[in-house]
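The values are calculated or read from the model by the stated rules, or taken from the named source; none is laboratory data. A quick note: this is a predicted structure, and the numbers were derived from the prediction, not measured. Here the Cβ is made from the backbone with ideal geometry for all residues, glycine too, and neighbour counts use every protein chain on show.
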């Protein structure tokens, strides 16, 4: 090869390297100090999670606002642990489902159902088990709280990993087998990086949604006694119970600060970092940027750590050779495979049957199978609320979202605000709404719709903005040029253009609304408690009374409603959206 | 039998070209492998072999073969080009050689041992490069060594040496997306070569590059090969580009696609490197290969090759992926050339790949608008009329021609017999499914929809997926 070309290129490569190292002499100090502070806080705050606990002596929350920073740190730690657990779970679950044809048939439908089970349902069903796991310590309660948050985060992350692995470009799969990658290498060099972007974005969405469950997960009812772990959620819960609007204000403020800080210090850098996993040929023009990430990248010592890390990963990679080489048998024994399928199918069916029979037997002994009747009827009432909410939110927010999204300037201002609004736990605002209801005489049966909407509606707005931003400029100019305006513009252009994004938002909003109904249909403020007729209120009351059969029946029925609504409405709309209205054809 | 005869005659033709070449050739064949770590093989030994290799995919009522009964040996010291049009199963054959997919029957053997998994003696270069975008160039090249458990230091040294050899030293810490297409494929080559495979497998390695970049990379690689600096003993190149095959290969295996992939002819190319197109010997081989690929072994010029009805059926005359605009353009071009043009010439002048040009040729042939005649493509009377007509008349001529096309005729007659004048696309897809894979059937229906719409024979409604007779026809 020609020598001149080679040497010229070599020089430019070296120059690019040297510019990266220059500047920011103080950065190492800042980044180093930040890491030390975070470590110190984890140790300090973490120590508070393991104190002695006796269910007979209820834990309460001190609602002195001075405690809020500590409470916030405890809540944050719980969220972080749940997020880490969700990530590990997502990779393991998604990997298993994507790699094993047999497991896939069980795991993916199961995920669909798990996603539909109300988060708070998990909590009341599992808390006793967790307490038994750590007798005499609050760690059991902590674990239950973390698990509740985990169930709010994990499912869509696992699904994201699975989908990314299934959509792995064919040539990367061939490459892995052609070069005889070890299974370990394939996971960490190909599959995990390939799924990194969807995993990070889904993690961010999950965390945004999980704030909502802080109050419920930190104040747990165990054997008839209310136990409260220190945290912002339980603080807000106590303030609501006391009817102290001032303290509620403090909690709201803490929450806003926490959400903004987590976005700035964690998600923003993480999404910007994840850009490197984009499987595209050219450098993107509008890449995510993050000040914090630039700072960390400018510091020197992460690079030294990286060098030490490489030696470690090399060791681990060597040890992980025991998992074998990524290869596929060219001649599968059809008979053996069919026998395996048969055994597997039989085992799954048997396990399901035994579980179902014993569950129904339990319900039959305790209350009779008629226990399903009431929630079925109440579910219709809540369904009406969910539908009303979606219709109203659509009529209100789609025009607003389009208006915002069509202007880059408006979108730049509005998007982060909407993001915070979507993450903000709406139940912190319930007392305020309740106060309005009592004043105006609006009943909770109708007002409940507004309470559910406080959390759920933002997904519709957020996605509509994203959809409107994705409308190609030349299409808009063509419409302007042809003089398409008014209703015709909406019907022929704008609504079809944002439809796919709207459907995505609608699915999330409807799922969120069902989840929210459990806390929105029974609302307490000070001495006042308003209870609406609905499935959410039914589950909330059954949980409060430790009425296990009713909790089970309520949760099961709600899951059925969510699954049916998704299958009969949302999935069809989604298919229509991808078939007819996808702009990237 | 006729097939073997054809292969024989083409071999003879290539041999004649070679004889002329050898008159002024100074060195040997230029393909002696002089240095390789494995010394237990001698030039000419068989490295890879396939016996009765069949690959088929499950169809609705029976398996549909994409590759039928291929016998092929890859010997030490040679570069073999697998040449064929899209759908001829050449990439499938390469993946079978690599042990990435399982044969339906028959076997692939590496040094006499049948494969049970990925072939340990090969490494692949991909059409789309298949670089991991999250790894640096060096990490990408090291990946294969890391998989073999080579220690870090040795790995790095080998990777840097390989990068140096393909002209990429200084780029080791760059990420693939910072590189141009040509450089990315150089990384692809370095990654495959660094594991010192005995046989290098190349899957259309230059087709994603622009013409100049592809040529440049090809020349660099052939220099390495000729200098014996290639750490491999043999190479297999999949391509649809005849000139590329003639430039690089010692042996060209032509794969035909009707009714499924099989070897239609084999050419030896005993020209020395570097080979230059434009020389008589080179062009002779190119022309011979072209003639085989367009299926015109005779020099007799049929004036109008429109076959008697019943000769061509949907089973043996698939619709090529040819657009009406493309065919009209080609017909117009032929008209300006006084009705005939040399195919190889045409492709080169237009800067078209075979995969772009040959479907248009097939399309014109099916419509009865043109016929291949030796090296030439010749316009028929109907074709000349089509090329010269105004928009409205062209449509009428096209409609008449389209009626010769089995699938189009099937759709029109079926619609005429249907009481409502409509039929679901699924009906025709099922009929096609007896002979073609789902993907092929879909592609053919898409072409049929396009042609029928243009000819105003029928309409197609995408939402209920229904064909409907055009108002004039109904």
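Structure notes:
- The single residue among B:203, B:220 that is touching a residue at least 40 places away in the same chain (Cβ under 8 Å), within 12 Å of chain A (Cβ to nearest Cβ) and buried (at least 19 other Cβ atoms within 10 Å of the Cβ) turns out to be B:203.
- Residues that are surrounded by fewer than 21 Cβ atoms within 10 Å (Cβ to Cβ), touching a strand residue (DSSP E or B) at 6+ places or on another chain (Cβ under 8 Å) and under 30 Å from residue B:184 (Cα atoms) are absent from the range B:64-74 altogether.
- Selection count, the range B:229-244, where residues are over 21 Å from residue B:191 (Cβ atoms) and assigned to a loop (DSSP other than H, G, I, E, B): 2
- Residue A:342 in contact with a helix residue (DSSP H, G or I) (Cβ under 9 Å, 6 or more places away or on another chain), more than 14 Å from chain B (Cβ to nearest Cβ) and part of a helix (DSSP H, G or I): no
- Some residue of the range A:470-479 being within 23 Å of residue A:206 (Cα to Cα) and in a helix (DSSP H, G or I): no
- From the list A:152, A:164, A:192, the lone residue that is within 14 Å of another protein chain (Cβ to nearest Cβ), at pLDDT below 90 and assigned to a helix (DSSP H, G or I) is A:164.
- Among the residues of the range B:124-138, some residue qualifies, meaning at least one is more than 30 Å from residue B:436 (Cα to Cα) and in a helix (DSSP H, G or I).
- One residue stands out among those in the range B:103-123 that are modelled with pLDDT of 90 or more, in a loop (DSSP other than H, G, I, E, B) and surrounded by fewer than 19 Cβ atoms within 10 Å (Cβ to Cβ): the one that is farthest from the other protein chains (Cβ to nearest Cβ), which is B:111.
- Sole residue being assigned to a helix (DSSP H, G or I) and either surrounded by fewer than 22 Cβ atoms within 10 Å (Cβ to Cβ) or modelled with pLDDT of 85 or more (or both), chosen from A:524, A:504, A:543, A:529: A:504
- Highlighted here are the helices (runs of 4 or more DSSP H) found entirely within the range A:42-144 that include at least 1 residues which are out of contact with any helix residue (DSSP H, G or I) (no Cβ under 8 Å at 6 or more places or on another chain) and closer than 27 Å to residue A:198 by Cα: A:68-99, A:101-116.
- Summed over the range B:141-186, residues that are buried (at least 21 other Cβ atoms within 10 Å of the Cβ), farther than 23 Å from residue B:210 by Cα and either touching a residue at least 40 places away in the same chain (Cβ under 8 Å) or assigned by TED's automatic domain parsing to the domain that holds residue B:221 (or both) total 5.
- Count of residues meeting criterion [assigned to a helix (DSSP H, G or I) and surrounded by fewer than 16 Cβ atoms within 10 Å (Cβ to Cβ)] in the range A:574-585: 5
- Set side by side, the residues B:345, B:365 differ, and just one is more than 17 Å from the chain's Cα centre (by Cα) and more than 24 Å from residue B:447 (Cβ to Cβ), which is B:345.
- Residue within the range A:396-403 that is modelled with pLDDT under 85 and either in the same structural domain as residue A:152 (by TED's automatic domain parsing) or in contact with a helix residue (DSSP H, G or I) (Cβ under 9 Å, 6 or more places away or on another chain) (or both) present: no
Table: residues versus (1) under 17 Å from the mean Cα position of the chain (by Cα); (2) without any contact (Cβ under 8 Å) to a residue 40 or more places away in the chain.
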position: A:67; (1), (2): no, no
position: A:72; (1), (2): no, no
position: A:85; (1), (2): yes, no
position: A:93; (1), (2): yes, no
position: A:102; (1), (2): no, no
position: A:116; (1), (2): yes, no
position: A:145; (1), (2): yes, no
position: A:148; (1), (2): yes, no
position: A:151; (1), (2): yes, yes
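- Residue match in the range B:130-143 (condition: under 20 Å from the mean Cα position of the chain (by Cα) and facing chain A (nearest Cβ under 10 Å)): yes
- Scanning the range B:75-86 for residues that are within 10 Å of the chain's Cα centre (by Cα) and surrounded by fewer than 24 Cβ atoms within 10 Å (Cβ to Cβ) turns up B:85, B:86.
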